[in-house]
Amino acid sequence: MDHQRNKAVLILDHSSFFARPSGVTFNVNVQNSDQQQQQQQDQINNENTLGMKSLWTCIVECVLEYCRILFDIFEDDALITLIVTGIDQRDQSSCWNRYKNLSQCMDFFAGIQPPNERSLINDDDLLKHSLNEAITALCTRSKKQNIPNDLDYTNSGHIILFSTFNNKRIATIEKDAQTFHQSHNHMALEMTDFVPLTKCDLTLVDVRPLDQPIPTSNPEFNLITSILHRTLYYAQAGQMLFTRMLQILLKQHNLALTTVTGIPMKEDVASRSSLNYDVDIVHPAEVHHSLRERAPLKYWRQIKDDVETIVLKWSAFSYDPENYYDTYSAYRFSPLDVNSRESACLTNFLLSGKCVLLELGNIPNECAVNINEYGDENCFNTSENDLSSLTTTTTATNRLFSHMIISHNQELMIHAIAFGSNNPMSKIGPCYIVNDEKDNMSINDLEELMDEIDDDNLEKDLRVESFINIIRTTTLYPLETMTSGKIPIEDSLRLLERHTRRCPLLTNETILFNMPSPINLLTSLILREKLSDDDVSKCLIALKYIDNMERNGEQLPVPNNFQYTTKIVTNKAKKDEAYRFLWREIEYFVRGYKETSDSHRHIYQNIVDRRKTDIENDSSIYQSNKIDFIFPTDETSSTSTMITKRDKNLQENNEKMNGRVWTEFNDIKQVVSANSLRDMWNRKQQEKRAPEFDGRAEYPPPRLIPLYVNLNSKTSLTNPIGIQPILTTNISEKI
Amino acid sequence: MPTILLIDCSLGMAERFSFVTKQQNNMATTMNIEKRSLVAKIIESLMTNTNSPTKLETIALVFFAGRDTIKIVQHFTKNTDDIIKSVQKLPIFGDFSLKSAIDFAKKYLTTTFGGQRSQKILVFTDSSHRDDDPIKESTYNNSNQMDIDLRKVITNDERDKTSLSNSTTDISFVCIRKPSSSDRARLEDITEQTQCSFSKIYWLLNRDVENNTTITNEMIQDVITQIKSDIMDVFISILKCGHYESQLAVYPKIKPAILQTTGELLQPSNTLTVNGFIELSSIRSAMATSKHILLPIQRYTRPQPPMPMFATKKSAISSSSSSSTTATANSSLTTQKKSNAANNFYYLLLISLKKEKSAALISVNDQWFGAIHCQKFERKKKSSRLILSVFEPGDCIPWISSFERLGPYALVFPPANNSELVYKKQQWPVKPFARSYTETFLIWCRQNNFQNDINKFVRASAKLPDKVNIFHRELNKICRGAFIYGLRDRLFHLLRQLFQHQIQTNKIKPDGIKYVQNVIMYMNRLSSSDRYIKYEETSA
């Protein structure tokens, strides 16, 4: 997407020749539903309602269609300049910004008078001038080229010239183009405003009225220089001109056609037309690459009006955009006949948010492997597990979804799907098992571990509802205006950090988060960055409320399998412990946020003043939030500021233990070894240990403190005090 | 990731080698075995060592010799015993045609798995003594070095650029002898012809020592560890969301990728950080360069007798602490499963994403993003996995203009006057660009387009004086079109005639006639005007 696209300049000859009638007619007669009446009317009215288009009209129609497709597919990247001979273009420097969309192109044509029927003398000069203008435009920097760099040498462009030609004229144009091109490239070497033109296709379209035959329907090629190529097309106005234009467009911009076939459409019963429709769409040719993987494109190719198209079947398999399909490329597309009813129906369907899978006709036999043919049946050791995959292989070949069409924010896109419904991932077990190398697992153990975990079972234990709230708070939306210096996605990271700071994962570990109103206000209000006075008083009321509950001996919403530490099984003891735990939880929760603002600190102070709980160390009271292994601070990730300061002691101890930096762990064993049970146990022991002596703490791990530092450095003779040697001798004597 | 073991069964594989096995008492026994049994030995030990209990790899076995002598000996299976069994009886055929074999293997892969992104072919062959299509040796001087990973990445990338879908299959070769530079070039050439990406060559014997034709068990082991480290495609990573963390296995490994804007090579970070969430209906199957399954890690420790944990070489170097005996693991399997706290967040994310129909946007590295979503598997409806889609580095998804400019709901749509945040799905902004299929443009390229526009206009005239606005809108459209396409004289003339005819034949209601007459006058004026002037009620 990033590289420079080809520029295209379209030159329309505005000479008197194009004022001639083209032979293509148009009719302003109203088509009535009443058939018979219309036929009668036709006979009467035809003379009055039929009009003839001029050649000019036919060319403008084609050029606008060319522009339309390019703008639909490439948007702002469609680099188009329109030149009409004899019409002055005032501002050359901005030619690539001038036509930014189709309606600007239309405005351009609306301001131009149809060609005059009387010929001017200098028509050829005007054409020459336009050609010069075109090459100047191609050498002018586009928006993406505004800074000179290496890309300057990939500047390529197309000139399409609609006119009428004879051999002499062609020779003149070729010669002129070559001269202009060379002089411009010379200029480009000296001026930074210009980029040299490294590849240029000059396409001449000889447009004739319907009654004049064309010499050949094939294009004629000529290499003028290695850089400049000339192609000549002959076309009669009307359908043929349109086909040529489409051929040129597809070739120049590497586009391709796909026919979506079998689109079901609701139709009123009276209508004669069939219920299924075809819609042709234009898109970059890369869309078809994925098909080549399977088989040559010829198997699905059809020729429609001299243009190749790949036929894909509409499939009613799923219209659900909430599936995540396995796609690996996406390109914009545009319907070929955009205003037809069929196309409008398709686009409206897609724009409403649905998506459609496109199906490939059957794969030809020679492009697939028939397993039974190549396999020797005696050699198959097919265990039961694999039988299922065998059967799916045979059925999978029946339906192949190759593409998906969908709209993204009102843009139509076609995606290539990694096709084949036999997804190897679907047979992967529910977890990854780590074991020691020498330790061979028995199959029974393995199967127990590989048991599928039922989603519903999981849900019961986890605090899904609260996490869903976090998800909603941090669901991302594009921001159009950005406050300077702030990266919006980092706000999201900050929010996630704040919301998960003191939030338990399991339901059975918390009482606080199960509390009814008004206490639940506490857990939501504290999370805010700023608290109003009203909020603070709400929090304080919540605390008072719990106080009252405790005094009245009300039951707390204790989760079902709450782990009591008390050995006494009486209800009173349990209730007491529950309240004790609740206060601990509140203290722990609010302490996490007390640095946010003064109001937060105020609330925290209020809790401390209640003296319901001892202020504990900073380790989490939610056991399941603690992870068995220690994580490194990842320097590369932008979130290094977010790394928790949790369990400082723990981290320190870990450093002491192995002192290794967590750089890389491609090998799973490394991870395991750092987190073996023994390590965990060691860490626990370290935690319990008394704080380090200051003297020892000064030394780096492994904290060996050398005794008698001065023993070797100072000899006894120079020792002014002389105690040390005496001391040692004393000791040795005693021994 | 599906892997095909492609085994050469040509005549050359009958060549004999002396194979030395060392017994425990340091007694060496020398056997004279054929190359094919050597291959069988390699595969056997490869299979026993990669016996991954997670059933990640699915492997098929294909023998090949001549152009048409190709046989699937073992269909894709996760049972390594089957592979070992089938490999014991390697036949010998005549010919040798590697290219057709690789073509076949590719076809086999696509038939079975479709156009999956990551597939592997491992060719067991001995490329010596083959000079069927010699290539100039001088051009390949650098082949004495082992492959450098960097190079591989670059070639992959180039191929990606030329045609996106060509490098889905990785080919590695396992040779008995180190291939000569011309052989090597030939292998690379074949790989290129079959449009696969060349990964690596492993060999047992160095070519330089021509006389020494003994192979020891250690040599096999060395090769095996090499292959294993490449083929073991699991990447252990940490999933992080604020203070929640979970350790998980990413499979297959995330490959380094190149940031297109700067050309910088990005390595995937060990930490996948959740940056926020996007609804599935908003992310809309964003295209990914690769898909990965995320699995929670279940530590298996033998429940019965407490065994000393042996330190492996690597762990001994990296951490001295794990070198001695381990604590007893006496918990039963089931309790262990439940108490595995490290997985809690994994499951929480899984269930929540499933319920919310949302995806988590994660950063793989700076400027490199991916999305995690929950996928149900058809076979087991109740059980789901997390799937990671890794995007191309940078902002390469056209409908998400910039990842960094995505903001959280709470800040993008802040709740009014300090009330509670209520989530309501919002539309993503539409890029203001006039597209021909969302807005009506006058495309008169085809006869029926023009006809439709005229029909609409004339029909509107019959309804006058009702719906005057529609009539005027259509009028303005047609008149503008007449100017754009240079049709004004003829078209206005015809339309005037038409309307006069309509009035005469009483097709227009009496109350509407005055509007039509106004319009006829307007068209009269327009046909002599240079510019298109919009018709307005007041101008009439």
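In the set (1) more than 16 Å from B:Ile283 (Cα to Cα); (2) in contact (Cβ under 8 Å) with a residue 12 or more places away in the chain; (3) more than 8 Å from chain A (Cβ to nearest Cβ), the condition left unmet by B:Ile372 is number (1). Please work out if B:Lys382 is of a type in the set (D, E, K, R) and in a helix (DSSP H, G or I). Considered against the rule, which asks whether it is of a type in the set (D, E, K, R) and in a helix (DSSP H, G or I), B:Lys382 comes out as no. Only one of A:Arg502, A:Arg498, A:Arg551 is closer than 28 Å to B:Ser246 by Cβ and in a helix (DSSP H, G or I). Can you tell me which? Checking each option against the conditions leaves just A:Arg498. Picking from residues in the stretch B:92-126 that are in a loop (DSSP other than H, G, I, E, B) and under 22 Å from B:Arg177 (Cβ atoms), the one that is most open to solvent (accessible area, probe 1.4 Å) is B:Asp95. Screening B:Trp428 against (1) within 30 Å of B:Phe277 (Cβ to Cβ); (2) open to solvent by 30 Å² or more (accessible area, probe 1.4 Å) leaves a single unmet condition, (2). Of all residues being over 26 Å from A:Glu61 (Cα atoms) and touching a Leu at 6+ places or on another chain (Cβ under 9 Å) in the stretch B:471-513, which is most open to solvent (accessible area, probe 1.4 Å)? Just the residue, please. Among them, the one singled out is B:Asp511.
B:Arg435 fulfils the conditions (1) open to solvent by less than 10 Å² (accessible area, probe 1.4 Å); (2) farther than 28 Å from A:Gln113 by Cβ; (3) modelled with pLDDT under 85 except for a single criterion, (3). Being open to solvent by 10 Å² or more (accessible area, probe 1.4 Å), touching a residue at least 12 places away in the same chain (Cβ under 8 Å) and farther than 19 Å from A:Pro335 by Cβ is the requirement here; does A:Asp305 meet it? When the stated conditions are applied, A:Asp305 does not pass them. Considering the stretch A:99-140, the residues that are more than 29 Å from B:Asp489 (Cα to Cα) and open to solvent by 40 Å² or more (accessible area, probe 1.4 Å) include one that is nearest to the other protein chains (Cβ to nearest Cβ), namely A:Lys100. Only residues that are facing chain B (nearest Cβ under 7 Å) and out of contact with any His (no Cβ under 7 Å at 6 or more places or on another chain) were counted in the stretch A:326-339, giving 7. Filtering the stretch A:326-350 to residues that are under 28 Å from B:Ile387 (Cα atoms) and open to solvent by 30 Å² or more (accessible area, probe 1.4 Å) leaves A:Asp326, A:Tyr331, A:Arg332. For B:Thr438, the conditions (1) of a type in the set (Val, Ile, Thr); (2) under 30 Å from A:Gly238 (Cα atoms); (3) part of a helix (DSSP H, G or I) all hold with the exception of (3). Confirm whether B:Ile84 is open to solvent by 10 Å² or more (accessible area, probe 1.4 Å) and at pLDDT below 80. Criteria not met by B:Ile84. The strands (runs of 3 or more DSSP E) located wholly in the stretch A:155-257 that include 3 or more residues which are of a type outside the set (A, V, I, L, M, F, W, C) occupy A:156-163, A:199-208, A:228-236. Looking across the stretch B:247-280, just one residue is more than 12 Å from B:Trp368 (Cβ to Cβ), at pLDDT 85 or above and of a type in the set (Gly, Ala, Ser), and that is B:Gly276. Against the definition (modelled with pLDDT of 90 or more, surrounded by 15 or more Cβ atoms within 10 Å (Cβ to Cβ) and in the same structural domain as A:Phe17 (by the TED database)), how does A:Leu79 come out, yes or no? Considered against the rule, which asks whether it is modelled with pLDDT of 90 or more, surrounded by 15 or more Cβ atoms within 10 Å (Cβ to Cβ) and in the same structural domain as A:Phe17 (by the TED database), A:Leu79 comes out as no. Criterion applied to A:Arg68, A:Arg98, A:Arg118 was being basic (Lys, Arg) and under 21 Å from A:Phe242 (Cα atoms), and the one residue passing it is A:Arg68.
Can you tell me which residue within the stretch A:281-314, out of those that are part of a loop (DSSP other than H, G, I, E, B) and not charged (D, E, K, R), is nearest to the other protein chains (Cβ to nearest Cβ)? If we take residues in the stretch A:281-314 being part of a loop (DSSP other than H, G, I, E, B) and not charged (D, E, K, R), then A:Ala295 is nearest to the other protein chains (Cβ to nearest Cβ).
Residues are listed down the side, and each one gets a yes or a no for (1) within 30 Å of A:Leu138 (Cα to Cα); (2) at pLDDT 85 or above; (3) within 12 Å of chain B (Cβ to nearest Cβ); (4) not in a helix (DSSP H, G or I):
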{"residue": "A:Asp2", "(1), (2), (3), (4)": "yes, no, yes, yes"}
{"residue": "A:His14", "(1), (2), (3), (4)": "yes, yes, yes, yes"}
{"residue": "A:Phe18", "(1), (2), (3), (4)": "yes, yes, yes, no"}
{"residue": "A:Val24", "(1), (2), (3), (4)": "no, yes, yes, yes"}
{"residue": "A:Asn29", "(1), (2), (3), (4)": "no, no, yes, yes"}
{"residue": "A:Ser33", "(1), (2), (3), (4)": "no, no, yes, yes"}
{"residue": "A:Gln41", "(1), (2), (3), (4)": "no, no, yes, no"}
{"residue": "A:Asn48", "(1), (2), (3), (4)": "no, no, yes, no"}
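The set of residues from the stretch A:576-606 being hydrophobic (A, V, I, L, M, F, W, C) and farther than 15 Å from A:Leu512 by Cα comprises just one member, A:Ile603.
Among the conditions (1) more than 26 Å from A:Lys460 (Cβ to Cβ); (2) open to solvent by less than 40 Å² (accessible area, probe 1.4 Å), the only one that A:Arg528 does not satisfy is (2).
Answer yes or no as to whether B:Ala327 is open to solvent by 20 Å² or more (accessible area, probe 1.4 Å), at pLDDT below 55 and more than 8 Å from chain A (Cβ to nearest Cβ). No; evaluated as a whole, the condition is false for this residue.
The values are calculated or read from the model by the stated rules, or taken from the named source; none is laboratory data. All values derive from a computational prediction rather than experimental measurement. FYI the Cβ positions are ideal-geometry reconstructions off the backbone, even for glycines, and counts take in every protein chain you see. The protein model used for the area step is the full one, side chains on, heavy atoms only, and it has no ligands, DNA or RNA in it. Shrake-Rupley method; radii C 1.70, N 1.55, O 1.52, S 1.80 Å.
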